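Below you'll find the structure, written out as structure tokens, and then a few comments.
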Amino acid sequence: MKISALLTSAGINIGLCVLFLSLYSVLRKQPANVRVYFGRRISEEHSRLREAFILERFVPSTGWIVKALRYTEEEVLAAAGLDAVAFNRMLVFSIRIFSLAALLCVFGILPLHYYGQNIQHLRIPYEDLDIFTIGNVEKRSRWLWVHCLVLYILSGVACILLYLEFRHIARLRLLHLKRATPNPGQFTVLVRGIPKTKKESCSSAVDDFFTKYHASSYLFHQIVYKTGKVQKIMTGAKKACRKLKNFTDTTVDQSCKAITYRCCLCGASSNSFQLLPTDEVVPSRGKVDLDDSSLNIDNEECAAAFVFFKTRYGALVASDVLQTSNPTKWVTDLAPEPNDVYWSNIWLPYKQLWIRRIATLLGSIVFMLLFLAPVTFINGLSQLDQLQKRLPFLNGILKQPHHLVQLITGYLPSVILQIFLYTVAPIMMLFSTLEGPISHSERKRSACCKVLYFLIWNVFFVNVVSGTVLKQLDFFSSPKDIPVQLAKVIPGQASFFITYVLTSGWASLSSELMQLFGLIYNFIRKYVLRMKEDTEFVPSFPYHTEVPKVLLFGLLGFTCSVLAPLILPFLLVYFFLGYVVYRNQLLNVYRTRYDTGGLYWPIIHNTVIFSLVLTQIICLGVFGLKVSPVAAGFTIPLIIFTLLFNQYCRTRLLPLFSTFPAQNLIDMDREDELSGRMEHIHHGLHTAYCQFPESEDIQLEEIRTVGNDEDGGGCSSGGSNGKGCSDEPSGKETLQEQQQPRRDLSHPTLKGLPVSRLQTAVRCVTFLIRLQKRGLS
């Protein structure tokens, strides 16, 4: 690829980034989009928003960047949880190590590559990217020791920074364990594989077993029931019927008119609901038989239960030990947090899980193999000169104008690959769900690992191999020479990796900030379907897609830092931009429903170690190709040192992420017993894990007497407070407003606006305009 093609791709992506960032800075100020860009804050504050016209709303600004950088790590931890802090520290680690790499490699190694051979250079835009890689260095060059020295510096600094971050996250995890609000999951054990007998039920078996073998710490238990979608619907209908029992006790103003909405597409209006006279409802009161057999649901007990213990230490001991001589019966694990339980998989038979894991593994492998075809085709677009030799009909494409060829080779391949990659995350999430995880966080972490393996294989290795097939068909002819083969081809693939960083990195960050899908969904729901805004639906952060993406860019940065350092400035821009964008999204957009306690960090640590070792192996092959035995000899101890460092971290810090220290749990139990909080905690365990929570019930609030609503949006003539002007007279919202004072907010980005005075002025101007139209002024 020519430098001009790279500049074309960079120019397109820079333009898209500037456009998206400018649109975001304007759209986030619009009151209609506040649910999209401030979903977490609005859902937590439960505040109402007043719309106000001001010119600042339509002017792009950079104030959101300053606000995102102003928050401290403690504030991020309190708002988004420990997983968000771990993700943020991954970006900080990447910024630090690749800033050093860019300083050393761009100013120290890149000139050695450019002047590695005595050739006549062209102007920079017409130079080939291979000129800036290690492939342009002559064999037995006396400057290869610089590459070895830089490799040592980067590996050593990366290990030091990685250890400091690992220790920091481990310390925060222990603090997360001692948080002020007790976690019911620390007192609870999930038991699966309960043996069933005809003589007694599962509940009796659980009570007998734990009373006999854990008598000193056993408190009580809760059986899990097998429920399907039909049973859930019938249970909800039963609860709704119970609420209807008191429905006729309310009074309804019969003068209210039916609510009509006009469709934005066809312009037709319809009466969605009509109020029936009270005398027609009263006779039907006796027709609802709540004791009907169709409403009585005998939920089937399954071989799983939540067992509660008196202390945290008792639950930890019961979850770690093997209960019986048969490992497939009475299987115990620490229960996830109540909000994290994935109820659909709890009742799955434990003996079935290993079959599910094997099936999903095979499905993932097949999907990765099927993805080889589009990746090979996409990589071929960046090497049209090689495709022309094997596919002569492409001669017409190469005779097109120069700018079109630059667009095809520099921008189109990474865009097509990115489009295909959008299908990966949902499919991997489906595979992770079929595995049978017991928690939402476990399912997301499993999907994260699958997406990570998929990206490393298809984006890195398959692109390298497919690029080699076009030049050399015997890549796998000698497996022992694979490091040497990688050393030959990776510098040549640096051009594709750079364009991939531009498209999948810069542009994807801009689209993440814009929340395109959220904007479209909000527009259709609000203006086309005329539905009320759903304040409860706030998405959670997609760790299963963003963590693998950042780690893949880290892998590309490590492997190309010494071999093709031209990628480092583009990567550094991505990490700086990602640090700002992701902090803004975590603090404003996404809501944390559950937290793993930093369990994503071991995945990050292992991937960084893999990237370092792979980089060192590739450099070992490069030094062998360049006939530099001294540099190759010094690289071997570096690989051993990195593996030893990884083993030390696994021994010293990794156990803190697999279980909780007994010392800390015992201290917490004693502190709760001395302070008298233990009884309150035990009382709260009775309602902690509710398989059929009341939140699934249909909320039927008491209907208040209201007057006619004239002109579709005016104030009610009579209310319980005598003066209530309600924008949306729904039952639940009205009741909440009467119980607590209504809080009106200006837009979160436009503080201190004279909203009330602006609204008064707008109403006065509107009134004058109406008078003028009627000829009364």
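The values are calculated or read from the model by the stated rules, or taken from the named source; none is laboratory data. Note that this is a predicted model, so its numbers are computed, not measured. In this analysis, Cβ positions are derived from the backbone assuming ideal geometry, glycine residues included, and neighbour counts consider all displayed protein chains. Protein only, heavy atoms only, side chains kept; ligands, DNA and RNA dropped before computing areas. Shrake-Rupley method; radii C 1.70, N 1.55, O 1.52, S 1.80 Å.
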Ser141 is checked against (1) within 23 Å of Thr559 (Cβ to Cβ); (2) surrounded by 20 or more Cβ atoms within 10 Å (Cβ to Cβ) and fails just one. What number does that condition carry? (2)
Per the list (1) open to solvent by 10 Å² or more (accessible area, probe 1.4 Å); (2) touching a helix residue (DSSP H, G or I) at 6+ places or on another chain (Cβ under 8 Å); (3) without any contact (Cβ under 8 Å) to a residue 60 or more places away in the chain; (4) among the aliphatic types (A, V, I, L, M), residue check on Ile456 breaks on (3)
In the stretch 211-218, is there at least one residue being among the aliphatic types (A, V, I, L, M), modelled with pLDDT of 85 or more and part of a loop (DSSP other than H, G, I, E, B)? yes
Given (1) outside any helix (DSSP H, G or I); (2) at pLDDT below 80; (3) not polar (S, T, N, Q), Asp130 misses just (1)
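Condition check ((1) outside the structural domain of Ile97 (by the TED database); (2) assigned to a helix (DSSP H, G or I); (3) touching a residue at least 60 places away in the same chain (Cβ under 8 Å); (4) not β-branched (Val, Ile, Thr)) across all residues:
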{"site": "Val538", "(1), (2), (3), (4)": "no, no, yes, no"}
{"site": "Lys549", "(1), (2), (3), (4)": "no, yes, yes, yes"}
{"site": "Leu555", "(1), (2), (3), (4)": "no, yes, yes, yes"}
{"site": "Phe558", "(1), (2), (3), (4)": "no, yes, yes, yes"}
{"site": "Leu571", "(1), (2), (3), (4)": "no, yes, yes, yes"}
{"site": "Ile603", "(1), (2), (3), (4)": "no, yes, yes, no"}
{"site": "Val630", "(1), (2), (3), (4)": "no, yes, yes, no"}
{"site": "Thr642", "(1), (2), (3), (4)": "no, yes, yes, no"}
Which one of these is at pLDDT below 80 and assigned by the TED database to the domain that holds Lys549: Ile124, Ile42, Ile97, Ile109? Ile124
Could you go through the stretch 367-375 and let me know if any residue there is buried (at least 16 other Cβ atoms within 10 Å of the Cβ) and at pLDDT below 70. no
Determine whether the stretch 694-708 contains at least one residue that is modelled with pLDDT under 95, in contact with a Phe, Trp or Tyr (Cβ under 7 Å, 6 or more places away or on another chain), of a type outside the set (Lys, Arg) and in a loop (DSSP other than H, G, I, E, B). yes
Please note which helices (runs of 4 or more DSSP H) are completely contained in the stretch 646-687 and include at least 1 residues that are in contact with a Pro (Cβ under 7 Å, 6 or more places away or on another chain). 655-658, 678-685
Every residue from the stretch 483-507 that is closer than 22 Å to Thr62 by Cα and open to solvent by 10 Å² or more (accessible area, probe 1.4 Å): Trp506, Ala507
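Residue-by-condition table, conditions (1) buried (at least 20 other Cβ atoms within 10 Å of the Cβ); (2) closer than 20 Å to Val484 by Cβ:
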| position | (1), (2) |
| --- | --- |
| Arg593 | no, no |
| Gly598 | yes, no |
| Thr607 | yes, no |
| Gln616 | yes, yes |
| Gly624 | no, yes |
The stretch 318-352, residues that are farther than 30 Å from Gly81 by Cα and assigned to a helix (DSSP H, G or I): Tyr350, Lys351, Gln352
Quick check on Val366: is it of a type outside the set (D, E, K, R) and in contact with a His (Cβ under 9 Å, 6 or more places away or on another chain)? no
For the stretch 179-210, which residues satisfy the criterion of being among the aliphatic types (A, V, I, L, M) and either touching a helix residue (DSSP H, G or I) at 6+ places or on another chain (Cβ under 9 Å) or part of a loop (DSSP other than H, G, I, E, B) (or both)? Ala180, Val189, Leu190, Val191, Ile194
Hey, could you check the stretch 45-76 for residues that are assigned to a loop (DSSP other than H, G, I, E, B) and modelled with pLDDT of 65 or more and say which is farthest from Arg593 (Cα to Cα)? Val59
In contact (Cβ under 8 Å) with a residue 12 or more places away in the chain, of a type in the set (Val, Ile, Thr) and crowded, with 19+ Cβ neighbours inside 10 Å - does that describe any residue in the stretch 168-182? yes
Can you tell me which residues in the stretch 658-675 are open to solvent by 100 Å² or more (accessible area, probe 1.4 Å) and either aliphatic (A, V, I, L, M) or touching a Phe, Trp or Tyr at 6+ places or on another chain (Cβ under 6 Å) (or both)? Leu674
Can you pull out the residues in the stretch 183-205 that are under 14 Å from Phe220 (Cβ atoms) and open to solvent by 10 Å² or more (accessible area, probe 1.4 Å)? Pro184, Ser203, Ser204
